[in-house]
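Take a look at the structure below.
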């Protein structure tokens, strides 16, 4: 029998400004879905893109309101301490808004070419972005899990969005099975951490882990930590679950297949959005909740960073498919962000520098990778199949603007100075070197990162050179042949860039080169929002 | 052994115990059970019925769509019961929140209806 008990129900005060970006994204998605269901007439294709762009703009405005609120009332936790409102969460709301806007612009031309039109792809992207925002501001393991699932479930469907392509279904299947597996591992980590510390809230976990045995015996808290084994196992499982999402080696095996099989715009969105979300969750979890046991997680993150950097770059060299190559390159980029994360556990100034570097890296990488996949989605052609490096041969002759744009973005990924890619690498490595206590490990990490950057320069440059190389059938001896060859050349030359994709590429280049040449404002702002 | 490493010992013991349980129970079964294979025993088990043709056959997807819609409203009930018990305490605010929740779910139903999911094909 259940006995009714008069328990006073405490409703948390809901501060709506703390969840404005999430609200904007979800409302936008629901409005788009409702319009598509209720309006009997077929909407023009551009309508859904426009609606998504408006939602992304509303999200950015929401983030601006948050920033004003932070300036007035300071960074704080809200809604029963389930979420945090601070500069870090605002920064990731901006990343989510930018990724979803760029994605909508790229997807516009793509879905029309592939005959996949309709509102669904945009709705799923908006919902996925709301998961990113939620993960960045989670102050509770369960809210983090909620954000992770909102993000992932939308991405599973997006990966299989090209219904007639078997590779797309394969990508969705692989991503779903492995993703569900990693979610289960993550959930087990939550259970163990809760069991060990008695709370799922970051601040409570931190307070609990900080307690020395004397304090807990003196009755400051009711729990007594008898054995740290439980919390260490929980920590390990939490890291594994999120390392899967950010594609860190050795949890990266799904990445090449899923990146190759997914529709090209979706791959870009995945690389930008899911990586930012995973790292946002990981950074806040490790730097806030598990800060007292950083002596335990830092070696693990150090090893993950080294493995991710080396394996990502080395395997990218041997790829013959551009999407697979970009997949391995994105793995290696995750390694650079991990350097920032490792530094974020350091002492003194390096801690905040590490977070600054990581968040700056994730924003700039989002623009670079979405721009890159904008080019890939055009060059891959009808059916989204022509993604071999050979298909990029002579891109300069077919469409000079695309080739030059892609070359600049690849240079930025390689870390060439005067691009944001350089400043991002610079920021994380500077943070790794500024920790006075463990300079040796920091220097080792830096040296490995330098070597890996050299390897990266090789495969990025190879692709750039391929693009500027004349394609077969266009060098002099073939041009003399009459008839068939001329037709072949004309066919290969025709390459129309949809308006939206062009705008997305232009935006991406403006950000990458603009903030690369004039780096001060963005770098300073990244530091400023963390109170630097 | 240092205290630092000793703390990790629990993790190792935990993992070893899990592995030992799985391997032990399967291994023990393999050791003590009689082994008399007949052709019937090697047939794939399919709820007691003899399996017909291969494994690659098309199956009806329409049931799954209905099942998905059912789960949506099934889960809704899970949230509505505790809400109903505490409605007095939550007053108007609680009512509005639940209406928003049901509204969002109803949008899903409207979408499914317009996409012809409710039609039995």
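Values quoted throughout were computed directly from the atomic coordinates according to the rules given, and no laboratory measurement underlies them. Predicted, not measured: the structure shown is a model, and the values here were computed from it. Using ideal geometry, Cβ is built from the backbone for each residue, glycine included, and neighbour counts are taken over all protein chains shown.
Here region A:365-387 and region A:429-474 have alpha carbon centers that stand 22 Å from each other. Out of every Cα-Cα pair in the protein assembly as shown, what percent are more than 39 Å apart? Percent of Cα pairs beyond 39 Å in the protein assembly as shown: 37. Using the Cβ-Cβ distance between residue A:13 and residue B:75 with R0 set to 30 Å, the FRET efficiency from 1/(1 + (r/R0)^6) comes to roughly 0.65. Between the C-alpha center of region A:178-204 and that of region A:14-52 there is a gap of 32 Å. Here the calculated FRET efficiency for residue A:416 and residue A:390, from their Cβ-Cβ distance with R0 = 30 Å, stands at 0.75, rounded to the nearest 0.05. Label region B:26-72 by shape, choosing from rounded, prolate and oblate, from the square roots a ≥ b ≥ c of the eigenvalues of the Cα gyration tensor; if a/c is under 1.5 it is rounded, and otherwise prolate applies when a/b is larger than b/c, oblate when it is not. Since a/c reaches 1.5 but b/c is at least a/b, the shape of region B:26-72 is classed as oblate.
Between the alpha-carbon centres of region A:321-336 and region B:13-42 there is a gap of 42 Å. For chain A, the relative contact order works out to 14 percent when only alpha carbon pairs closer than 8 Å and six or more residues apart are counted.
Simple spin-label estimate for residue A:510 and residue B:20 gives 6.5 nm between the two label positions (7 Å along the Cα-to-Cβ direction from each Cα). Working from label points 7 Å from Cα in the Cα-to-Cβ sense, the residue A:470 to residue A:142 distance is 6.8 nm.
Taking 0.36 nm per residue of separation and subtracting the Cα-Cα distance, full extension of the segment from residue B:92 to residue B:47 would add 11.0 nm. Counting Cβ atoms of other protein chains within 10 Å of each residue's Cβ and taking the mean over peptide B:7-16 gives 4.
Extension gain, residue A:524 to residue A:300: 0.36 nm times the residue separation minus the Cα-Cα distance gives 77.6 nm. For region A:242-360, the share of alpha carbon pairs falling in successive 5 Å distance bins from zero is 2, 13, 22, 23, 17, 11, 7, 3, 1, 0 percent. Taking square-rooted eigenvalues a ≥ b ≥ c of the alpha carbon gyration tensor, is region B:62-114 rounded, prolate or oblate, where a/c under 1.5 means rounded and, failing that, a/b exceeding b/c means prolate? Here region B:62-114 falls in the oblate category. Here the mean projected area of the convex hull built on the C-alpha positions of region B:3-42 is 3.7 nm². Taking 0.36 nm per residue of separation and subtracting the current Cα-Cα distance, fully stretching the chain between residue A:71 and residue A:181 would add 35.5 nm. Cβ-to-Cβ counts within 10 Å put B:38, A:99 in ascending order as B:38, A:99, the fewest first. Once you have a ≥ b ≥ c as the square roots of the Cα gyration tensor eigenvalues for region B:14-117, tell me rounded if a/c is under 1.5, and otherwise prolate or oblate according to whether a/b is larger than b/c. It is oblate, given that a/c is not under 1.5 and a/b is not larger than b/c. Arranged from fewest to most other beta-carbon atoms within 10 Å of their beta carbon, A:15, B:46, A:120 become B:46, A:15, A:120.
A simple packing score, the average count of other Cβ atoms within 10 Å per residue, orders the peptides A:384-397, A:266-279 as A:266-279, A:384-397, with the highest score first. Here B:115, A:399 are placed in order of increasing Cβ neighbour count within 10 Å, fewest first, which gives B:115, A:399. Computed from the C-beta positions of residue B:56 and residue A:45 and an R0 of 30 Å, the FRET efficiency is 0.25 to the nearest 0.05.
Look at the stretch A:91-97: the mean tally of other chain Cβ atoms within 10 Å of its residues' Cβ atoms is 0.
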